[in-house]
Each structure stands twice: as C-alpha cells, then as structure tokens.
Amino acid sequence: MNMLTPARIIREAGAPELTKDHLPPYLGEMSDLFVGVIDTGVVLRGGRPHPFLDGRVRFDPHRDVDEPGDDAIACTPADSDGHGTFVAGVILAQAPSVNLQIKGVLDRSRGQAEDTAVATAIDELAQQGITLMNLSFSGDSWEEQAPQVITDALLRLPPGVVVVAAGGNRPTAEPAYPAAIQLGANQAMVIAVGAADTSRQPSTGGPPPVADFSCFGDWVTAYANGRGVLGPNRDGWSRWSGTSFAAATVTGRIAAAMLTGSDARTAAQALLAGAPLIIAPSTRGPKPYVGEIQSVRG
C-alpha cells in the first residue's frame, strides 16, 4: 500500500457488546431488489452466513468472505472482522425482503482498503444494475481532498444511483471521504450520514441529539441512530455504535421505500424530505433524522 494514500478505514465508536436482544427471522417472500454493500465481506460458519442473513446475501465465496478469528465476537474498532455481517443485518432489519450483494474489499485485520478496490467494487455493482449502495467506512483524518479514483467511479454512475456513506466517528466538521464527495445535480446522489444518539432522546419528544462521537457540519446530509444499534455478529447478536450503522439504517429505509415501486433517487429524496429535523453543531440549518423500523425481541 502506498503509505501516502489515505486508506478507507473502519473506526467505530467502541467494540460491539453481546446482547440477548435479537430480530425475528424473516419468513416472507423475497423481492427482486438488490442493494450493494461494500465492506469487509460476510462471515461464514460451516459455510453459511449468519441465520438472519442466510438466503438474503449474495457474495463471491473466493473473495467476499470475512473469515472469523478467535476474537470475532469481541472485535475492536481496528479489527474489521464481522463488520460487513453487522452492516448487512442492519440494512435487512429495515428492509427484510431485499437481497444484498456483498463486496468484501476492506482488509479483515486492519479495516482498510485501497481506493482502487473500492472504485472497482462500485463499478461492478453498477454493471449489475444495482442502484442503491452502502459504504460504511470513511477516510483517514489527515485527508484534505476527495480521493480521485473513488470520485471518478461515482461520476461514472448513472444519475439514478444513490450511494449512502458513513461520515465517520470523529466529532469534527472536517469532511471525511468518500461521504463528503460532492457530485453535480445530474450525477449520482451521495448521502453522507452522521450518527444520532437515541439513548439521549428528549423527554419532550422529537429527534435525538447528534452522538458525541459523530461527524457533523454542512457536508453531512442526514443523521440516523448510531448508538447501540442491534445487529448480527458471528454467532449471535450485538449492539454496536458508529456512523457505519447509521448509514446502514438509512440504506435500509431507502430500500424499503423502493419496494413500493420507487426508484432509488426518488425514494431517497422522499425519505429525507419527510423526515423530522435534527439540530447539529457547525451547521447552517437543521438536517433530516431518519428513524429505525424494527421489532426487537429480548
């Protein structure tokens, strides 16, 4: 890796915590809608993904598999093992009948990826006709401009494509890429997502505040809960915090709207336009807050 090139990285706001909470299995019919997920791949146990994902994720077994290590459950923010499985589960919690096409490009041990690998995955998903993509990773803190190879891949996308990207877990208004990449009105739509904190929900009602670990600023498009999000781990379920999972929630909500017949861009625009507003630091105006739709079982 060229050490002067900022890596795409996973750096969550703490390690996942095991929980007995879980989501019920989906027993309904599957749709023909595919959502792209560019991440660490999917963890397999006995050759099968987590039961919550099984039958709903597509991947290349020779490239997109996230091999679990001994510490796959209690992984640290720098250890990406299981991240893609968790993100996939969060998306499916919001849109149970969609199919996920997983692209495992992030390094399993360091949580990093070369920009060219990310760009190639974007191109491959577009070639499959996928119009909604989730990128739950960001860039190194010293990065001052958008990565050209990823920007070029996004510019190649048709204007109807929506790319949802995590803004990063640094409480600063400094832009993080690829979420902060700005495209023209006739290009694909990039949604930069920050994290809110539902554990601090106001007693008077209304959206929760921005999480203390989250990015903020005018470049952030919207917020969703990123505190204690429920998702599948290697064997069971965990709660994990980070903008990765806020982004996955937004992707899932857009996918759910697409199931009613909307295209990705129309679904995304309607979701953001109809969302309640959240006040964020260093921002000239309020931003949409996208809530979750899920049924948790203890």
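Tell me the residue from ILE73, ILE102, ILE150, ILE130 that is of a type outside the set (D, E, K, R), in contact with a strand residue (DSSP E or B) (Cβ under 9 Å, 6 or more places away or on another chain) and modelled with pLDDT under 80, please. Working first, answer last.
Details: ILE102 fails: modelled with pLDDT under 80; ILE150 fails: modelled with pLDDT under 80; ILE130 fails: modelled with pLDDT under 80.
After ruling out the rest, the residue left standing is ILE73.
Say whether the condition of being basic (Lys, Arg) and out of contact with any Asp or Glu (no Cβ under 6 Å at 6 or more places or on another chain) is met by at least one residue in region 219-232. Talk me through it step by step, then tell me what you get.
Restricting attention to region 219-232, the residues satisfying the condition of being basic (Lys, Arg) are 227.
Within this subset, residues satisfying the condition of being out of contact with any Asp or Glu (no Cβ under 6 Å at 6 or more places or on another chain) are none.
Looking for residues that are basic (Lys, Arg) and out of contact with any Asp or Glu (no Cβ under 6 Å at 6 or more places or on another chain), one finds none in region 219-232, hence no.
Consider GLY36 carefully, then state whether it is in a loop (DSSP other than H, G, I, E, B) and either in contact with a helix residue (DSSP H, G or I) (Cβ under 7 Å, 6 or more places away or on another chain) or modelled with pLDDT under 90 (or both). Spell out the reasoning first.
Details: in a loop (DSSP other than H, G, I, E, B): no; either in contact with a helix residue (DSSP H, G or I) (Cβ under 7 Å, 6 or more places away or on another chain) or modelled with pLDDT under 90 (or both): yes.
Here the answer is no, as GLY36 does not meet what is asked.
For region 198-212: of the residues being closer than 14 Å to SER241 by Cα and touching a strand residue (DSSP E or B) at 6+ places or on another chain (Cβ under 7 Å), which is surrounded by the fewest Cβ atoms within 10 Å (Cβ to Cβ)?
Within region 198-212, the match that is surrounded by the fewest Cβ atoms within 10 Å (Cβ to Cβ) is THR198.
Quick check on region 251-266. Is at least one of its residues closer than 18 Å to PRO281 by Cβ, hydrophobic (A, V, I, L, M, F, W, C) and either surrounded by fewer than 20 Cβ atoms within 10 Å (Cβ to Cβ) or out of contact with any Asp or Glu (no Cβ under 7 Å at 6 or more places or on another chain) (or both)?
Going residue by residue through region 251-266, those that are closer than 18 Å to PRO281 by Cβ are none.
So far as region 251-266 goes, no, none of its residues is closer than 18 Å to PRO281 by Cβ, hydrophobic (A, V, I, L, M, F, W, C) and either surrounded by fewer than 20 Cβ atoms within 10 Å (Cβ to Cβ) or out of contact with any Asp or Glu (no Cβ under 7 Å at 6 or more places or on another chain) (or both).
Within region 211-234, track down each residue that is under 15 Å from PRO288 (Cβ atoms), of a type in the set (A, V, I, L, M) and either touching a Ser or Thr at 6+ places or on another chain (Cβ under 8 Å) or in a loop (DSSP other than H, G, I, E, B) (or both).
Result: VAL220, ALA224.
Any residue in region 152-167 that is touching a Phe, Trp or Tyr at 6+ places or on another chain (Cβ under 7 Å) and more than 29 Å from GLY274 (Cβ to Cβ)?
Narrowing region 152-167 to residues touching a Phe, Trp or Tyr at 6+ places or on another chain (Cβ under 7 Å): 166.
Filter again for more than 29 Å from GLY274 (Cβ to Cβ), leaving none.
Scanning region 152-167 turns up no residue that is touching a Phe, Trp or Tyr at 6+ places or on another chain (Cβ under 7 Å) and more than 29 Å from GLY274 (Cβ to Cβ).
Checking the conditions here, which among ALA224, ALA192, ALA188 is closer than 13 Å to THR249 by Cβ, in contact with a strand residue (DSSP E or B) (Cβ under 8 Å, 6 or more places away or on another chain), at pLDDT 95 or above and crowded, with 24+ Cβ neighbours inside 10 Å?
On the way: ALA192 fails: closer than 13 Å to THR249 by Cβ; ALA188 fails: closer than 13 Å to THR249 by Cβ.
After ruling out the rest, the residue left standing is ALA224.
Sort through ALA247, ALA280, ALA256, ALA270 and tell me the only one that's over 18 Å from LEU100 (Cα atoms) and part of a helix (DSSP H, G or I).
Numbers: ALA247 fails: over 18 Å from LEU100 (Cα atoms); ALA280 fails: part of a helix (DSSP H, G or I); ALA256 fails: over 18 Å from LEU100 (Cα atoms).
Matching residue, one of ALA247, ALA280, ALA256, ALA270: ALA270.
Please find, within region 162-180, the residue that is farthest from TRP240 (Cα to Cα) out of those that are buried (at least 24 other Cβ atoms within 10 Å of the Cβ) and among the β-branched types (Val, Ile, Thr).
Here the residue is VAL162.
Report the residue count in region 227-250 for those that are crowded, with 18+ Cβ neighbours inside 10 Å, over 21 Å from GLY194 (Cβ atoms) and not small (Gly, Ala, Ser).
4
I want to confirm something. Restricting to region 39-65 and keeping residues that are in a strand (DSSP E or B) and hydrophobic (A, V, I, L, M, F, W, C), which single residue is modelled with the highest pLDDT? Spell out how you get there, then give the answer.
First, the residues of region 39-65 that are in a strand (DSSP E or B): 39, 42, 45, 48, 57-58, 65.
Then drop every residue that is not hydrophobic (A, V, I, L, M, F, W, C), which leaves 42, 57, 65.
Details: VAL42: 87, VAL57: 94, VAL65: 69.
Checking each candidate, the answer is VAL57.
I need the full set of residues from region 231-263 which are more than 22 Å from PHE216 (Cβ to Cβ) and among the hydrophobic types (A, V, I, L, M, F, W, C), in order please.
First, the residues of region 231-263 that are more than 22 Å from PHE216 (Cβ to Cβ): 231-239, 252, 255-263.
Within region 231-263, TRP237, ALA255, ALA256, ALA257, MET258, LEU259 qualify.
Taking only pairs six or more apart or across chains, which ones have beta-carbon atoms under 6 Å, a first residue in region 170-185 that is more than 18 Å from MET133 (Cβ to Cβ), and a second residue that is modelled with pLDDT of 95 or more and not in a loop (DSSP other than H, G, I, E, B)?
none
Test of understanding: among ALA211, ALA246, which residue is in contact with a Gly (Cβ under 6 Å, 6 or more places away or on another chain), farther than 28 Å from LEU157 by Cβ and at pLDDT 95 or above? Spell out how you get there, then give the answer.
Details: ALA246 fails: farther than 28 Å from LEU157 by Cβ.
Only one candidate passes the filter, namely ALA211.
One line per residue, one yes/no per condition, for (1) small (Gly, Ala, Ser); (2) out of contact with any helix residue (DSSP H, G or I) (no Cβ under 8 Å at 6 or more places or on another chain):
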position	(1), (2)
ALA196	yes, no
PRO202	no, yes
VAL210	no, yes
ALA222	yes, no
ASN225	no, no
PRO232	no, no
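The values are calculated or read from the model by the stated rules, or taken from the named source; none is laboratory data. Nothing here was measured: the structure is a model prediction, and the numbers come from that model. Ideal geometry is used to build each Cβ from the backbone, glycine not excepted, and the neighbour counts take in all protein chains shown.
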